[in-house]
Amino acid sequence: MAKYVIQSKRGAPPQGAYSQGWRAGDFIFVCGTGPIGSTTGKLVGDSIEQQTEQTIDNLLSILEADGASLSDVVKVTAHLSDTSLFARYNVVYARRFTKPYPVRTTVGSDLGHTPGMLIELDCIAYAPARSGKKKSIAATKKAAKRKR
């Protein structure tokens, strides 16, 4: 089973000791990410709608870095700073993900580590390796080391 790290310059930069994503076989695991701009490293948006858009964009950039998309996502975990924001968040979520929707768990969480952050999402995608699919830079480097 192939296992390698996935990094995207378009996704929110890690702000701690973690990777943006990992592929393990046919599954892609994307870290918890929030509405952080990839170029600024700062919070984007002040409404739950804006922050949900940016957060999903960040998930998508990590998925796309390994040839996957939102339609490959099978599981999402959502953390909301205030569960009364659920209905507004869900409108954006339902527009960005398609039927059949991924399974989802939504919980209220203390997101005070980033003042003003209203949402954090992580996901798991099922994306079998496609023939001719470009490997990640990390996978290519790892394969080159094994050949030496």
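The values are calculated or read from the model by the stated rules, or taken from the named source; none is laboratory data. These numbers were taken from a predicted model, which means no experiment stands behind them. With ideal geometry, Cβ positions are generated from the backbone for all residues, glycine too; neighbour counts draw on all protein chains shown. Keep in mind that these areas ignore ligands, DNA and RNA; they rest on the heavy atoms of the full protein, side chains included. Shrake-Rupley method; radii C 1.70, N 1.55, O 1.52, S 1.80 Å.
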Just read off the accessible area of Phe86 with the full protein assembly in place, 1.4 Å probe, to the nearest 10 Å².
80
Of Cys31, Cys123, which has the most accessible area and how do the rest follow, probe 1.4 Å?
Cys31, Cys123
For the chain, with the dipole built from +1 on Lys and Arg beta-carbon atoms and -1 on Asp and Glu ones, taken about the Cα centre, which of Ile48, Gln7, Gly32 lies farthest toward the positive end?
Gln7
Run lengths n ≥ 4 of DSSP H only: what is the helix-derived mean residue ellipticity at 222 nm for the chain, with -39500 (n - 2.57) per run over all residues, to the nearest 500?
-8500 deg cm²/dmol
Residue-count net charge about Arg88 - beta-carbon cut-off 14 Å; Lys, Arg +1, Asp, Glu -1
-2
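Rank Leu121, Leu85 by accessible area, highest first, at a 1.4 Å probe radius?
Details: Leu121 0, Leu85 25 Å².
Heavy-atom accessible area, descending, gives Leu85, Leu121.
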Quick check: at a probe of 1.4 Å, how many percent of the accessible area of the chain sits on carbon and sulfur atoms?
57
Can you figure out the FRET efficiency of Glu64 with Ala87, using R₀ = 25 Å and their beta-carbon distance, to the nearest 0.05?
0.30
For the stretch 1-104, state which trypsin sites (Lys or Arg not before Pro) are in a DSSP loop and have at most 16 other beta carbons lying within 10 Å of their beta carbon.
Lys9, Arg10, Lys42
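Using 0.36 nm per residue of separation minus the Cα-Cα distance, give me the extension gain between Arg10 and Ala129 in nm, one decimal.
Working: separation 119, 0.36 × 119 = 42.84 nm, distance 2.18 nm.
The Arg10-Ala129 span can extend by a further 40.7 nm.
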The size of the Cβ-based charge dipole (Lys, Arg +1; Asp, Glu -1) of the chain about the Cα centre, to the nearest 20 debye, is 1260
Name the long-range amide H neighbours of Arg104: under 5 Å, sequence gap of 5 or more, or other chain; modelled H, no Pro or chain starts.
Val76
How large is the accessible surface of Tyr18 in square angstrom, using a 1.4 angstrom probe and rounding to the nearest 10?
100
What distance in nm separates the two pseudo spin-label positions at Ser47 and Val103, each 7 Å out from Cα along the beta-carbon direction?
3.3
Mean accessible surface per residue for the chain, computed with a 1.4 Å probe while every protein chain stays in place, in Å²:
55
Quick one: 3J(HN,Hα) in Hz for the stretch 117-123, Karplus 6.51/-1.76/1.60 with θ = phi - 60°, rounded, Gly and Pro as x.
6, 9, 8, 9, 10, 9, 8
